[in-house]
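Some notes on the structure that comes next.
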Amino acid sequence: MNNKHNEFGAMLAPAESERIFNAAMGRGMSRRDALRMMAAAGVVITGSGMLGAPGAAHAQNAATPAATPKRGGKIRAAAHSTSTADTLDPCKGSTAIDYTRHNMFYSGLTELDAKLIPHPALAEEITHEGAKVWRFKLRKGVTFHDGKALTAQDVVFSLLRHQDAALGSKVRTVAMQFEAVKAISPTEVEVTLTVANADLPVILAASHFLIIKDGTTAFATAIGTGPYTCKEFRAGVRSVGVRNENYWKPGKPYIDEIEVIGIPDEAARVNALLSGDIHIMNNMNPRSATRVNGTGTHAALETKSSLYTNLIVRQDATPAGSQDFTLAMKYMLDREQIRDAVYRGFATVGNDQPIQPGHRYYLEGLPQRSFDLDKAKFHLQKAGLAGATMPIVCSPAAEGSVDMAALLQQSAQKIGLNLTVNRVPADGYWSNHWAKHPLGFGNINPRPSADLIFTQFFQSDAAWNESGWKNPQFDQLLLQARAESDDAKRKQLYGDMQVLVNEKCGIGIPTFISFIDGYDKRIQGYGSVPLGGLMGYAFAEHIWLNT
């Protein structure tokens, strides 16, 4: 392997890498910035201690870190959405239950900890040249559930398949950054990007990029390298995983068998938890948290996150796509009321762009858009839609959207717009309604990097460009930011992109929502990962049952 590197000249030994890392920390640099500095410099990234061993960070984040994990037991977990579109194909996953299932059965080249820092997983060593050419050395001794050894060709196949337009990968836009992916030995893979991207280890931790066997085209079952083997999968009904005794992480997982089901109705899900029919649930309504915590046997766990339910105003639909009509709708969002009344305070006020307050790239100086019916009326009249009647589609599938639609309807009536609320069932919402109407709602799970959220949902040709917004300036800034290794310049570019989304895009983001999970307190090792509920959808690997 040709180990060319940048200004550091040559690959550094782990001890030297760690010395540089510690020196950077000693100069006051944050852990994340120190890691980025090392990554930008092309320093070898391994499990030498600089990033920690796989799974260690999750253990530190566990609800009862001092407890000793136990093996055994069967549990049932319930997610809030399920349908016949449920899939075992990682590239097509689009819901919490898909992500949970995929993390049970497959593993990735990297994985994220509780602070969304990437760790080596199936790749035990990662190097790069200027963040453009990346090399992954695979962990030895890893086997798929059928006994086949993991090879570089499995990784090549898994990454390149996303570029096939006919496949319908949810991350095809992201995967088009792969200029070339090739095996340079049976256990080493080289990925050349079209442009430099320092976030590649973060990107590859997404469940869509989990590794499958070379040549896999059928997904009636799942043959991966994950902590559980697939005992049963019935789309829209249930999935059952059995502990993988040959899992590549020694000692894990702990539970003998985990069944995952979908219970769309929140009240039914809470009742199932409290009755003992399930042990873990996601997407708890804030109204239920007090009740659950009062039982003494169960608990609610809040995770602050960048999750949001957003208003979608299709920019390619007439007349909704008018810029003035879009602004009118955004000014009708009463963000404080939505935070307090819809989410009972379990949320943070948003500003019509997807980077949440507290994020390292959040633009502090962007003026906060507020609830203003006078401005809404001005833009409505300018759009020539005063007195118009328009449907707005909502569903329990998009958390809080039914209440938000009702609030918008009341506000619209005050300025001469008749919004008719069309509530549709949660079942099938994401396939049949999401982003298919001039006015509707989305519900977007957090992404581990600013690049991913902008690439997947705001780039002009993104598969999930919800409002059909096209802005060449934004697309250019996205490419610039992705390749920029100077963090201050990168923050400025992301700030410019937030301004464009806030002012021009057909998306209204009133709040960022906290995740609330419910769990049986006999479940141990359960914690928060801001990527999503259910420990970032990866709870199955980390929990155990205290009986």
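Under the condition of being open to solvent by 10 Å² or more (accessible area, probe 1.4 Å) and of a type outside the set (S, T, N, Q), the residues counted in the range 96-105 number 1. Of all residues in the range 384-395, those that are in contact (Cβ under 8 Å) with a residue 40 or more places away in the chain and closer than 11 Å to residue 417 by Cα have Cβ atoms under 8 Å from Cβ atoms of residues that are assigned to a strand (DSSP E or B) and open to solvent by 20 Å² or more (accessible area, probe 1.4 Å), 6 or more apart or on another chain, in 388/418; 390/418; 390/420; 391/420; 391/421; 391/422.
If you go through the range 356-399 and keep only what is among the charged types (D, E, K, R) and open to solvent by 50 Å² or more (accessible area, probe 1.4 Å), you end up with 360, 364, 374, 375, 377, 382. Picking from residues in the range 266-281 that are free of Cβ contacts under 8 Å to residues at least 40 places away in the same chain and not hydroxyl-bearing (Ser, Thr, Tyr), the one that is surrounded by the fewest Cβ atoms within 10 Å (Cβ to Cβ) is 267. Taken residue by residue, the range 221-232 has at least one member that is closer than 30 Å to residue 426 by Cβ, in contact with a Cys (Cβ under 7 Å, 6 or more places away or on another chain) and hydrophobic (A, V, I, L, M, F, W, C). Just one of the numbered conditions (1) more than 16 Å from residue 515 (Cα to Cα); (2) in contact with a His (Cβ under 9 Å, 6 or more places away or on another chain) is not true of residue 243: (2). Applying the criterion of being of a type outside the set (D, E, K, R) and over 24 Å from the mean Cα position of the chain (by Cα) to the residues of the range 300-318, the residue that is surrounded by the most Cβ atoms within 10 Å (Cβ to Cβ) is 315. Taken together, the residues in the range 296-315 that are of a type outside the set (A, V, I, L, M) and touching a Ser or Thr at 6+ places or on another chain (Cβ under 7 Å) amount to 8. Can you go through 229, 295 and tell me which one is of a type in the set (S, T, N, Q) and within 26 Å of residue 86 (Cα to Cα)? It is 229. Within the range 224-249, how many residues are touching a helix residue (DSSP H, G or I) at 6+ places or on another chain (Cβ under 8 Å) and under 20 Å from residue 208 (Cα atoms)? Looking only at that region, the number is 9. Each residue in the range 225-259 was checked for being over 16 Å from residue 150 (Cα atoms), of a type in the set (A, V, I, L, M, F, W, C) and open to solvent by 30 Å² or more (accessible area, probe 1.4 Å), and 4 of them qualify.
The values are calculated or read from the model by the stated rules, or taken from the named source; none is laboratory data. Everything numeric here is computed off the predicted structure, so don't read it as measured data. With ideal geometry, Cβ positions are generated from the backbone for all residues, glycine too; neighbour counts draw on all protein chains shown. These accessible areas exclude ligands, DNA and RNA; they are computed on the full protein's heavy atoms, side chains included. Shrake-Rupley method; radii C 1.70, N 1.55, O 1.52, S 1.80 Å.
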